[in-house]
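Let me begin by presenting the structure, written as structure tokens, before commenting on it.
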Amino acid sequence: MAGLGNPGDRYTGTRHNAGFEVIDAFARTAPGGAVRVDRLDCRALTGRLRVGESPVLLAKPQTYMNCSGESVKGLLTRYEVPLERMLVVVDDTALPVGRIRIRASGSSGGQKGLQNVIDCLSTNAFPRLRLGVAGAHLSQTEDLADYVLARFSKAERSLFDGAVETACTAIASFLTSGLETAMNTFNRPSEESPAEQS
């Protein structure tokens, strides 16, 4: 499972580091006990645990967002992880803060880290979990790069923290019951965003 983000203190807590936050939260609250995500492997900080009978590798690529796919591909190859057992966790400016969405495949929706994973793997057929980071004040004319590299407002942070908690529960569902069950439980089809229909 790979959460995408940017390494370094200057990016901690930014919208673009949603993937890192979910990996850290899942590592802290893992069903079998907390684990550390601090072993450098294929240019990612990694940690290992078991959920039920399944071994799980948690990863936070350290390549910076736009080159995340290089690290993800390296880990998939090294550990022979089938694509359907991989989950990529990313921020999504097409979803409001507090919302999560799980998909089996699809476009990147403009998320450059996810696009790089798609490019490096030469396929978009892998599961991904998106966390909404679009606040009420996000305008169509705003530079998205500046927006995702900024931090949440206090009100947004409260909503986002709730989404991280939900995402951890969704990940546990994905690992123990499979993608279909996780999607059916945690998605809201009537509120699907246009970016995710492509």
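Every number in this text was worked out from the coordinates using simple rules, so none of it is lab data. What you are looking at is a predicted structure, and each value in this text was computed from that prediction instead of being measured.
Using Cα springs under 10 Å in a Gaussian network model of the chain, which residue among 21, 165, 142 shows the largest mean-square fluctuation? Sorting by GNM fluctuation, first place goes to 142.
Highest GNM mean-square fluctuation among 144, 87, 45, for the chain modelled with Cα contacts below 10 Å: 144. Each residue of segment 174-181 was assigned a 3J(HN,Hα) from its phi angle through the Karplus curve 6.51 cos²θ - 1.76 cosθ + 1.60 (θ = phi - 60°); the sequence is 4, 6, 9, 10, x, 5, 4, 5 Hz, with glycine and proline shown as x. Here residue 73 is the anchor, and the lysines within straight C-alpha reach of less than 30 Å, apart from those fewer than 8 places off in the same chain, are 60, 112. Shape of segment 21-61 from its Cα gyration tensor (a ≥ b ≥ c, root eigenvalues): rounded if a/c is under 1.5, otherwise prolate when a/b > b/c, or oblate? Oblate is the answer for segment 21-61, as a/c is 1.5 or above yet b/c matches or exceeds a/b.
On the principal axes of its alpha-carbon atoms, segment 2-196 has extents of 44, 33, 32 Å, going from largest to smallest. By the compact-protein rule of thumb, 2.2 N^0.38 Å, the alpha-carbon radius of gyration of segment 96-189 corresponds to a ratio of 1.16.
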